[in-house]
Amino acid sequence: MKRVLQVLLALAVLIALGAGWYVYSKQPTRQGTVTLAHLQGSVSVRYDDRGVPHIRAENETDLYRALGYVHAQDRLFQMEIMRRLSRGELAEVLGPKLLETDKLFRSLRIRERATTYVARMDHQSASWKALQAYLDGINQYQDNHARPMEFDVLGIPKRAFTAEDTISVAGYLAYSFAAAFRTEPLLTYVRDQLGDDYLKVFDLDWQPKGGLNLTTDDWKDLGAIAALSAQALADNGLPQYEGSNAWAISGSRTKSGKPLLAGDPHIRFSVPSVWYEAQLSAPGFELYGYHNALVPMAFLGHNQDFGWSLTMFQNDDVDLIAEKVNPDNSNQVWYHGQWVDMTHSEQQIAVKGQAPVTLALRQSPHGPIINDVLGKNAGKTPIAMWWAFLETENPILEGFYQLNRADTLAKARSAVAKVQAPGLNIVWANAKGDIGWWAAAQLPIRPAGVNPGFILDGSTAQADKLGFYPFSVNPQEENPARGYVVSANAQPVSPSGMEIPGYYNLSDRGQQLNAQLSDNPVKWDVDNSQALQLGTTTAYGPRLLAPLLPVLREEVKDPAQLKLVEQLAAWKGDYPLDATSATLFNQFLFNLTDAVFLPKLGDEMFKTLLGTRVIDAALPRLAASPDSPWWNGHRAETVKLAWENSLTHLKATFGDDPTQWQWGKAHTLTHGHPLGSQKPLDRLFNIGPFAAPGSHEVPNNLSAAIGPAPWPVTYGPSTRRLIDFADAAHALTINPVGQSGVPFDKHYGDQAQTYIEGGYEQAHFTDEEVTANTRSTLKLLPARTPQ
């Protein structure tokens with residue numbers, strides 16, 4: 001027996017040693033010397049206390065090649081999954097459950113657009129050379145190192161990364177902004193199946209008689225596409241862009257006398273997080289940047305002279321179009337007064353463990369037919385998609401290359417004008433004293449009277465585009481007299497006064513920020529700006545409740561319940577961890593939404609509604625409209641039922657004592673890895689849960705979907721940045737999890753606790769401070785040329 005135990009112990013030790021060596025072999029190398037082909041000179045990479053690389057090179061090409069190398073060793077799996085998602089290649093490694101997602105992304109034609117886009121790029125431009133060097137750095141790392149452990153688990157083969165992959169990822173980012181797939185089918189269904197009166201809660205009406213002649217099968221198509229679109233974005237464990245805050249304050253309003261820049265883009269949480277921080281230094285170029293997977297240009301950044309942040313413009317850059325089919329030829333649609341052929345193509349989708357699947361795709365003169373993803377189950381009406389990403393020149397890489405170097409208003413404006421899809425608000429400031437923001441997008445000119453919030457009729461001129469507006473009519477401000485600019489995803493105003501269709505966020509968050517920024521006696525610095533970024537209050541909850549409180553006071557008879565009603569009446573709309581009114585309000589919000597909308601919409605369309613931005617604005621309108629048809633003539637009874645169901649659910653979930661219904665118990669954040677959706681892998685790859693303050697559409701926008709408690713947070717600030725240009729070398733920043741995407745690395749989740757507690761870290765910038773905070777140095781040397 002003793003001998004057997006010794007053998008078992010030895011085996012256990014060997015297994016432990018083997019596992020330890022396996023994990024060690026996958027870790028990033030942040031110290032020592034590495035040779036890279038194509039380098040012109042040596043490059044130094046100093047890693048600081050958070051694992052952020054500070055890269056110094058003798059020229060820009062070496063700089064970007066080194067960035068690709070170090071980015072890959074921290075984030076190669078993220079790069080791989082991002083390109084596979086955007087190009088419709090996930091089923092090849094994740095199996096048939098991702099087949100429908102692949103079909104959707106193939107139908108968007110991102111792959112084809114990437115091919116034509118790359119072919120048209122100026123291959124002599126500095127931005128192209130930067131991209132090629134960056135991709136070469138990624139590929140050299142991949143070729144010469146062990147595969148990430150996720151590659152081993154999923155059986156992912158190594159494959160070179162290309163410029164087409166980068167543009168495809170840009171297409172995914174543009175698609176993740178687009179709310180049309182989820183919103184337009186819903187609003188059209190309400191219009192055509194329920195009627196004009198039901199549109200009023202969405203602040204819409206419909207003047208022309210009639211609508212689209214869609215069949216029951218067509219509506220099922222649209223519901224399925226909306227659900228698939230939401231699922232593809234939510235279930236892949238990858239960043240989805242949702243909203244953002246950003247503001248710039250002129251020196252006249254700051255304590256330092258120099259502009260102050262703040263920004264926190266709101267993006268779906270994931271492991272790793274979306275941004276990869278890196279300081280880039282070369283003769284004539286210096287930037288502390290935040291990089292997206294497979295993109296060498298920083299989408300956020302600053303140096304001691306200037307900086308910028310961004311928010312989502314949220315203009316409507318996708319139109320869905322119902323085509324009229326020739327009854328004698330199903331391959332033809334009515335376009336500009338005649339029957340026109342649709343084009344056909346086929347693609348093969350590789351599926352893990354199964355034979356490849358053939359996807360047949362069609363395209364009308366308006367754009368790709370998106371309901372072809374449903375195959376033989378599709379209804380009779382082809383639904384085409386017009387998408388700005390496919391239809392504009394969109395020199396977005398060149399635009400951000402220039403923005404990374406834009407130290408004047410004129411240079412920044414010129415760079416921003418090149419960003420055409422997706423729509424972005426870019427908020428910018430410099431040390432000389434300038435501030436500004438520009439809405440970047442190429443806005444289409446639609447025929448007069450066309451509302452692209454509905455599915456358009458392809459047999460008419462509704463879906464035509466009459467060109468694009470010039471950049472000068474986009475919403476924008478430079479050095480306004482009030483001394484600040486703020487962007488928070490609410491609908492902006494064009495200088496020309498024209499209406500800009502879009503799916504904008506509520507105004508409450510922007511109003512909250514604006515109210516505080518407009519307080520003239522306040523002088524701003526990074527300290528009181530932190531409090532502004534971390535704010536957990538808006539007027540949304542109280543203004544929604546105000547017209548319903550008299551109903552509750554009339555209908556609720558139990559004294560203990562009436563006490564809870566009065567507690568809600570006194571609530572200020574804030575979401576600290578210990579709040580109980582916040583928990584009660586959010587549960588009531590769901591039960592009210594469920595009682596009002598589900599009976600009229602049915603399961604699929606109701607789920608779609610909960611995933612749109614229009615529900616946020618609809619609920620206060622509904623509450624304030626006692627005669628809305630959505631109440632079905634039973635407002636008081638419906639409100640009472642929602643209240644009773646709320647209390648029943650909260651008691652079942654958290655116990656009978658309402659003082660124990662704290663927000664921090666109900667509202668939690670777990671950062672999910674793509675492999676962490678499967679137990680027990682969640683314990684290895686996910687980070688959390690953490691009790692989370694904040695909520696949907698407050699400045700600290702830690703958002704959860706409308707639903708029953710508890711509420712898992714889905715998105716929020718993807719970083720928080722504060723830069724006072726009197727001391728830009730000491731900017732503040734934070735990563736929601738950590739810099740590294742390599743499991744078991746010390747920087748995999750080392751900032752998660754600080755983040756959820758509202759803490760910040762310093763972004764080291766000067767050579768002196770970088771040196772003082774360097775924890776390791778990696779030297780990249782040119783490979784010797786054979787003699």
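Where a number appears in this text, it was derived from the coordinates with a stated rule and is not lab data. Keep in mind that what you see is a predicted model, and the values were worked out from it rather than measured. Cβ atoms come from the backbone with ideal geometry, glycine included; neighbour counts cover every protein chain shown.
Put in line by how crowded their Cβ is, counting other Cβ atoms within 10 Å and starting with the fewest, SER507, SER487 read SER507, SER487.
Evaluating 6.51 cos²θ - 1.76 cosθ + 1.60 at θ = phi - 60° for every residue in the range 512-524, the Karplus couplings come out as 4, 5, 5, 4, 7, 5, 7, 6, 4, x, 6, 10, 8 Hz, glycine and proline recorded as x.
Over 22 Å between C-alpha atoms is what I'm after, so list which of LYS103/LYS380; LYS26/LYS158; LYS129/LYS746; LYS557/LYS640; LYS200/LYS220 land there. Table pairs above 22 Å Cα-Cα are LYS129/LYS746; LYS200/LYS220. Model label points for ASP143 and ALA126, set 7 angstrom from Cα along the Cα-to-Cβ axis, are 2.8 nm apart.
So what's the net charge close to THR254: Lys and Arg +1, Asp and Glu -1, counting the other residues with Cβ under 9 Å from its Cβ? Net charge in that neighbourhood comes out at +2.
The protection proxy used here, the mean number of other Cβ atoms lying within 10 Å of each residue, ranks peptides 125-137, 648-660, 305-317 as follows, highest first: 305-317, 125-137, 648-660.
Counting only residues at least eight positions apart within a chain, or on another chain, the aspartates and glutamates with an alpha carbon under 16 Å from that of LYS258 are ASP305, ASP407, ASP434, GLU478, ASP525, ASP527, ASP724, ASP727. Ranked by the mean number of other Cβ atoms within 10 Å of their residues, highest first, the peptides 327-339, 394-406 fall in the order 394-406, 327-339. Among the aspartates and glutamates, select those whose C-alpha is under 20 Å from the C-alpha of LYS324, and discard any that sit fewer than 8 residues away in the same chain. Straight-line reach from LYS324, under 20 Å: GLU184, ASP192, ASP217, ASP218, ASP221, ASP341, ASP372, ASP457, ASP464. Phi angles across the range 386-401 convert, under the Karplus curve 6.51 cos²θ - 1.76 cosθ + 1.60 with θ = phi - 60°, into 3J(HN,Hα) values of 9, 9, 4, 4, 7, 10, 10, 5, 6, x, 5, 5, 5, x, 6, 4 Hz, Gly and Pro given as x. Label positions at ASP656 and GLU757, each projected 7 Å from the Cα along the C-beta direction, are separated by 3.8 nm.
Once the chain from GLU346 to GLU554 is taken as fully extended at 0.36 nm per residue, the excess over their C-alpha distance is 68.6 nm. For the range 711-781, the calculated P(r), taken from all Cα-Cα distances in 10 Å bins from zero up to the bin holding the longest distance, is 17, 39, 34, 9, 1 percent. Computed from the Cβ-Cβ distance with R0 of 45 Å, the FRET efficiency linking PHE468 to SER44 stands at 0.50. Rounded to the nearest 500, the 222 nm mean residue ellipticity of the chain from helices alone is -11000 deg cm²/dmol, with -39,500 (n - 2.57) taken per DSSP H run of at least 4 residues.
For GLU566, GLU286, the sequence from fewest to most other C-beta atoms within 10 Å is GLU566, GLU286. With R₀ fixed at 60 Å, the C-beta to C-beta distance from GLN354 to ALA448 puts the FRET efficiency at about 0.75. When the Cα convex hull of the range 220-314 is projected onto planes of every orientation, the mean area is 8.7 nm².
Karplus-based coupling profile of the range 322-329, in residue order and whole Hz: 7, 8, 9, 9, 5, x, 9, 7, with θ = phi - 60° in 6.51 cos²θ - 1.76 cosθ + 1.60 and x standing for Gly or Pro.
Extending 7 Å from the Cα toward the beta-carbon at both ALA481 and LYS411 defines two label points whose distance is 3.1 nm. Rounded to the nearest 20 debye, the dipole magnitude of the chain is 1440 debye, with +1 charges on Lys and Arg beta carbons, -1 on Asp and Glu beta carbons, and the Cα centre as origin. For the range 631-774, the residue among THR733, LEU669, LEU722 whose Cα projects farthest onto the positive side of the dipole built from Cβ charges is LEU669. Under Stokes-Einstein, with the Kirkwood radius over Cα pairs standing in for Rh, what whole-number D in µm²/s applies to the range 120-234 at 4 °C and 1.567 mPa s? The estimated diffusion coefficient comes to 69 µm²/s. Arranged from fewest to most other beta-carbon atoms within 10 Å of their beta carbon, LEU374, LEU261 become LEU374, LEU261. Seen from all directions on average, the range 567-688 presents a Cα convex hull projection of 9.6 nm².
Volume per residue for the chain equals 195 cubic angstrom (convex hull of Cα atoms).
With kT/(6 pi eta Rh) evaluated at 10 °C and eta = 1.306 mPa s, and Rh the Kirkwood radius from Cα pairs, the range 681-751 diffuses with a coefficient of 110 µm²/s according to Stokes-Einstein.
Once C-alpha pairs closer than 8 Å and six or more residues apart are averaged by separation and normalised to the residue number of the chain, the relative contact order reads 19 percent.
Candidate cross-link partners of LYS411 among the lysines, defined by an alpha-carbon separation under 18 Å and a same-chain spacing of 8 or more, comprise LYS432.
Here the range 420-498 has an Rg and Dmax of 15.8, 54 Å, counting Cα atoms alone.
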